[in-house]
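Each remark here refers to the structure printed beneath this line.
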Amino acid sequence: MKALRKWIFLLLIIVSIHLNGCSLLNRYQKEGNLNLSGLKEPVIVLRDDKGMAYIYARNIYDALMAQGFVTSQDRLFQMELTRLFATGRISELAGEKGKAIDIRMRTIGLYRNAKKHAKILDKKTRLFFQKYLDGVNAYIKTRSDTHHLEFRLAGIKPGPWTIADSLAIAYYMGWDSAANLHTEAIAQMLVEKVGLERAREIFPLNINPDDFPKERNEAQDINQEFAQLHLATDKKIMSYVKDGTLHVGSNNWAVGPMFSANGKPVVANDPHLDSRILPGPWYPCGIITPDFRAVGVSIPGTPVMVIGRTDHIAIGVTNAYGDAQDLYVETVDPKDPDRYLEGKKSLPFEVIEETLTIKDKDAPQGYREENFNIRLTKRGPVISGVLPGLKTNKVITVRWSAFETMEPSIGLNQFLTAKSVKDIREALSHVNFIMLNFVFADTDGNIGWQVSSKLPIRSRGDGTIPYVVKDSHDNWAGWIPFNDMPQLYNPQKGWVGTCNHKTVGIDYPYYYSSHLSPSYRYRRLKQLLGSPGNKSVDEHWQFQRDTMNLMAKKIAPVIAKVLITHDDTKQMAQILSQWDYMDDIDRAAPTIFQAIYRKFALLVFQDELGEDLARTMLDKWTFWEERLQKMVLKGTSTWFDNVKTKDIRETVDKLFLQAALDVADELGSRLGRDPKKWLWGKVHKLEFVSPIRRKGFGKGLVGGGSHPALGSGETLCRSIYDFNDPFGVIVSASLRMVADLGDDDKVLAVLPGGVSGRLFDPHTKNQIKAFMHGNKVYWWFSDKAIQEHSRTTLVLSPQ
């Protein structure tokens, strides 16, 4: 009944809002004067017609406090959800449904290690975080009458924030940038299923297009011991494989003065995340002090502006996918299950007791507590159950470099005052918690790219499959020196760029990663930026929405050649043959290609791997796309033959035909029998939802609607769907930004939702149309432009 009353209340609110046409029940103060204890001098906050705040302060610490305050005005509920997730407390909101997630997050130890990191921060870094959080906590404490309506609907209240909370969110963002856990687990299961040599035939193929024509086409040798673990039967480890914390990707590039229209560098960035939950993951803000001027985005709950521009530099990021994680096979001491072995040496598991607070309507206080233990070895926490080995029981532990390389400085706080590419590089030398490709430029005309964080130098094994612990030897022998991490400065070609692809050459002296994005997006970027002539800001804006699918350009003709010879598939073949390989919403060819190739991939692998393992592998697009393309273009592979049909030999042609016939039945029953009407925009949609109502009744009223989506997982305009639940978009650009250092007035940038995270606020989803259609939206930079476009003025005064 309590839940029913809540949703009746929500329905009445919705009706009220639609009748009154305003957000009276969820508003906050944007104009006039407010006292903010802790400020040294007054701060002025201007907001433009997007609701974006521009903070004018006399010093950096007042600016940071105001940033925390205004971020809380707009995004406090989103901040609280992120904090609950990162710290392993989401069951306080979601009840039993959140329990498994909380156990995983606490086992990984994001918050546990964030607390350790907070204790060693230097004074400057600590003050940087604390001033921001002083603003957050001031809003929570003094403005309870304007807290988000969502708190009441969810039945939770915001609590005070600590530096450890912010660092936990930073670690949360960094966890999946370290990449390799899923790849290792899947590789292990493949070896267990078909043996090492057979599995190596379908291990990830990673190609750096800048190495052409010297591509390394085979998987690296695996020079390490293998343990049979029956990993697929362990529910704990499979929860890590199938339920990643984040889906991350991105494109970024910087073009030097010689190829820009204004004679100054241009930086473009579109980070790829799950952007379906309004208002989107990034919070935009402008900060102006006597010492610097900056406009860009941060993750709400953290003060660090990681994408944007200042009066001296511009910066953008992508996931670098450097392998900073390893899985370890540890042996449980057969004489004592509370100990583990390193050779003959027996060591005790470290045990940490955790207590979950789980929302429970049947409990006396509405919550119940539940305890569980986390076991750790010297390498990290145990993330599996007990796995029966040949002679002794095994467990799997996970290790992440970020927890072993904490520094007193986190580096990113130096971006605001950086004046050159050299300053950025110095700042990045201290960024160890997240593995990113940073591209950047300065107003002197310099451009650069640098990979952040620490990568281990492996003395044994290469991180492709779990490492079997046999003794006390540490297979992480040290760290790749910062000067040896992938990087490039002022190249002769006049630009730098990354698309999550393999960026190291075949002569790179260290193992970098076995989990990287296919090369299609970067190859397309090379085509666009390598074309003759200077590139305008408008052209860079268009490049971010480019839909050329270079994978389809290779494979679609092979499919069409097969289908044209059969009456039942001839029309699909004709559509593919006439296709320009642009994944646009008004074309049927992308639908036909994606549907057939997806079905084909499943046919190739499911007979030998079994459907469950095949789908688990195929759900990780980076694992198989380049490898399968090579097999298709070669035309022969033992993987094409179905081992279950002893008297029939399947070929690539037969599998494509079978896939096409299956697709004809499936799409025909769903979209009609005419393939010309199977338009990509009918099936490939991006749906925006409210965090308070993601499904079911009322979702459409509080959400942002379902929209036909350009692109695919293989295009610069990236929009990935779940392999096992096609074709709705789950990952897309979470921001598009083009920063021209020759334009002192504005930055071209659009969000998939809006600035505000408040239900019914007009600035929660007012950028969706521009985002979906490519319309221009700006962050204002100069005083003149900010003043001209400001709509409200709020003065924050010292108490």
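The values are calculated or read from the model by the stated rules, or taken from the named source; none is laboratory data. Computed from a predicted model, the values in this text were never measured in an experiment. Cβ coordinates were reconstructed from backbone atoms using ideal geometry, including for glycine residues, and neighbour counts include every protein chain displayed. SASA here: full protein model, heavy atoms, side chains in, ligands and nucleic acids out. Shrake-Rupley method; radii C 1.70, N 1.55, O 1.52, S 1.80 Å.
In this structure the amide hydrogen of Gly461, modeled in the peptide plane, comes within under 5 Å of the amide hydrogens of Asn223, none closer than 5 places in sequence on its chain.
Its Cα centre serving as origin, the range 688-799 has a Cβ charge dipole (Lys and Arg +1, Asp and Glu -1) of approximately 580 debye. Accessible surface computed residue by residue for the range 720-760, with neighbouring protein chains in place and a 1.4 Å probe, gives 19 Å² per residue. For the range 315-343, list residues with backbone N below 11 Å from a point placed 7 Å from the Cα of Asn373 toward its Cβ? What the label zone holds, given the 11 Å backbone N cut-off, is 337-339.
Could you give the length gained by full extension between Lys115 and Glu41, i.e. 0.36 nm per residue of separation minus their alpha carbon distance, to one decimal place? Walk me through the numbers before you get to the answer.
Values: separation 74, 0.36 × 74 = 26.64 nm, distance 3.16 nm.
Gain on stretching Lys115 to Glu41: 23.5 nm.
Residues whose amide H comes within less than 5 Å of that of Ser298, counting only those at least five positions distant or on another chain, are Tyr283 (H built at 1.01 Å from N in the peptide plane).
Just the accessible area per residue of the range 247-400, please: how many Å² with a 1.4 Å probe?
On the way: 5540 Å² over 154 residues.
Accessible surface, normalised per residue, equals 36 Å².
Measuring nothing but how far apart in sequence close Cα pairs (under 8 Å, 6+ apart) lie, relative to its length, the chain scores a relative contact order of 20 percent.
Distance cut-off 20 Å, Cα to Cα: go down the list Lys242/Lys644; Lys570/Lys676; Lys344/Lys378; Lys115/Lys242 and report the pairs above it.
Numbers: Lys242/Lys644 27 Å; Lys570/Lys676 12 Å; Lys344/Lys378 16 Å; Lys115/Lys242 28 Å.
Listed pairs above 20 Å: Lys242/Lys644; Lys115/Lys242.
Could you compute the FRET efficiency for Asp49 and His230, with r as their C-beta to C-beta distance and R0 at 41 Å, rounded to 0.05? Result of the calculation: an efficiency of 0.10.
Using R₀ = 25 Å, calculate the FRET efficiency as 1/(1 + (r/R₀)^6) where r is the Cβ-Cβ separation of Glu350 and Leu93; round to 0.05.
Working: r = 30 Å, r/R0 = 1.19.
Calculated value: 0.25.
Taking label points 7 Å from Cα along the Cα-to-Cβ direction, Asp362 and Ser239 give a separation of 2.0 nm. Each residue of the range 183-191 is assigned a 3J(HN,Hα), and the resulting list reads 4, 4, 5, 5, 4, 4, 5, 5, 4 Hz, derived from the Karplus form 6.51 cos²θ - 1.76 cosθ + 1.60 (θ = phi - 60°), x at Gly and Pro. For the range 42-58, 3J(HN,Hα) computed residue by residue from phi via the Karplus equation (6.51, -1.76, 1.60; θ = phi - 60°) reads x, 10, 9, 10, 9, 10, 8, 6, 8, x, 6, 8, 10, 9, 9, 9, 8 Hz, glycine and proline entered as x.
What the phi angles of the range 364-372 give under the Karplus curve with 6.51, -1.76 and 1.60, with θ = phi - 60°, is a coupling list of x, 9, x, 9, 10, 9, 9, 9, 8 Hz, glycine and proline written as x.
Counting only aspartates and glutamates at least 8 places from Lys124 when in the same chain, those with an alpha carbon closer than 19 Å to its own are Asp62, Asp134, Asp165, Asp291, Glu407, Asp423, Glu426.
Give, in nm to one decimal, the length gained when the segment between Asn59 and Asp311 is fully stretched (0.36 nm per residue of separation minus the Cα-Cα distance). Working shown, then result.
Details: separation 252, 0.36 × 252 = 90.72 nm, distance 1.62 nm.
The span from Asn59 to Asp311 would gain 89.1 nm if fully extended.
What order, most packed first, do the peptides 786-799, 590-603 have when packing is the mean number of other Cβ atoms within 10 Å of each residue?
Values: 786-799: 15.5, 590-603: 23.8.
Descending packing order for the listed peptides: 590-603, 786-799.
Could you work out how much longer the chain between Asp122 and Ile506 gets when fully extended? Use 0.36 nm per residue separation minus the Cα distance between them, nm to one decimal. Please list the in-between numbers first.
On the way: separation 384, 0.36 × 384 = 138.24 nm, distance 3.91 nm.
Stretched fully, the Asp122-Ile506 segment lengthens by 134.3 nm.
The label-point distance for Ala100 and Lys646, in a model that sets each label 7 Å from Cα toward Cβ, rounds to 3.9 nm. Classify the range 506-630 from the C-alpha gyration tensor, please: rounded if a/c falls under 1.5, else prolate or oblate depending on whether a/b exceeds b/c. Cα axes put the range 506-630 in the oblate bin.
Using a simple charge model, +1 on the beta-carbon of Lys and Arg, -1 on the beta-carbon of Asp and Glu, nothing else, what dipole does the range 15-163 show about its Cα centre, in debye to the nearest 20? Don't jump to the answer; show the numbers that get you there.
Values: 25 positive and 14 negative charges, 153 e Å.
With only Lys, Arg, Asp and Glu charged at Cβ, the dipole is about 740 debye.
For the chain, the fraction of 1.4 Å probe accessible surface lying on carbon and sulfur atoms is 51 percent. Placing +1 on the Cβ of every Lys and Arg and -1 on the Cβ of every Asp and Glu, with nothing else charged, gives the chain a dipole about its Cα centre of roughly 1380 debye.
Distance from the C-alpha centroid of the range 776-799 to that of the range 296-332: 28 Å, rounded to the whole angstrom. Taking amide H atoms as placed 1.01 Å from N in the peptide plane, the amide H of Tyr467 lies under 5 Å from those of Leu327, Tyr328, Val329, each 5 or more residues away in sequence or on another chain. Ranked by the mean number of other Cβ atoms within 10 Å of their residues, highest first, the peptides 663-672, 163-172, 103-112 fall in the order 163-172, 103-112, 663-672.
With contacts taken as Cα pairs under 8 Å at a separation of at least 6 residues, the range 278-429 carries a relative contact order of 20 percent.
Ranking Asn33, Asn642, Thr464 by Cα position along the charge dipole of the chain, where only Lys, Arg, Asp and Glu carry charges on their C-beta atoms, puts Asn33 farthest toward the positive end.
Rounded to the nearest 0.05, what FRET efficiency do Asp586 and Gln29 have when you use their Cβ-Cβ distance and R0 = 35 Å? Efficiency computed from Cβ-Cβ geometry: 0.20.
What number comes out for the charge environment of Gln325, summing +1 per Lys or Arg and -1 per Asp or Glu over other residues with Cβ under 10 Å away?
Values: positive: Arg399; negative: Asp176, Glu184, Asp323, Asp326.
That works out to -3.
Packing-wise, with mean Cβ within 10 Å as the measure, how do 47-53, 360-366, 180-186, 95-101 rank, highest first?
Values: 47-53: 22.3, 360-366: 10.0, 180-186: 24.7, 95-101: 15.9.
Ranking, from highest mean packing down: 180-186, 47-53, 95-101, 360-366.
Across the options Gln527, Pro557, Val504, the greatest Cα extent toward the positive end of the charge dipole of the range 495-601 (unit charges at beta carbon of Lys, Arg, Asp, Glu) belongs to Val504.
Placing unit charges on each Cβ (+1 for Lys and Arg, -1 for Asp and Glu) gives the chain a dipole about its Cα centre, and among Ile237, His566, Ile103 the Cα reaching farthest toward its positive end belongs to Ile103.
Each residue, Thr417 and Ala477, gets one label point 7 Å from its Cα in the Cβ direction; the gap between the two is 4.0 nm.
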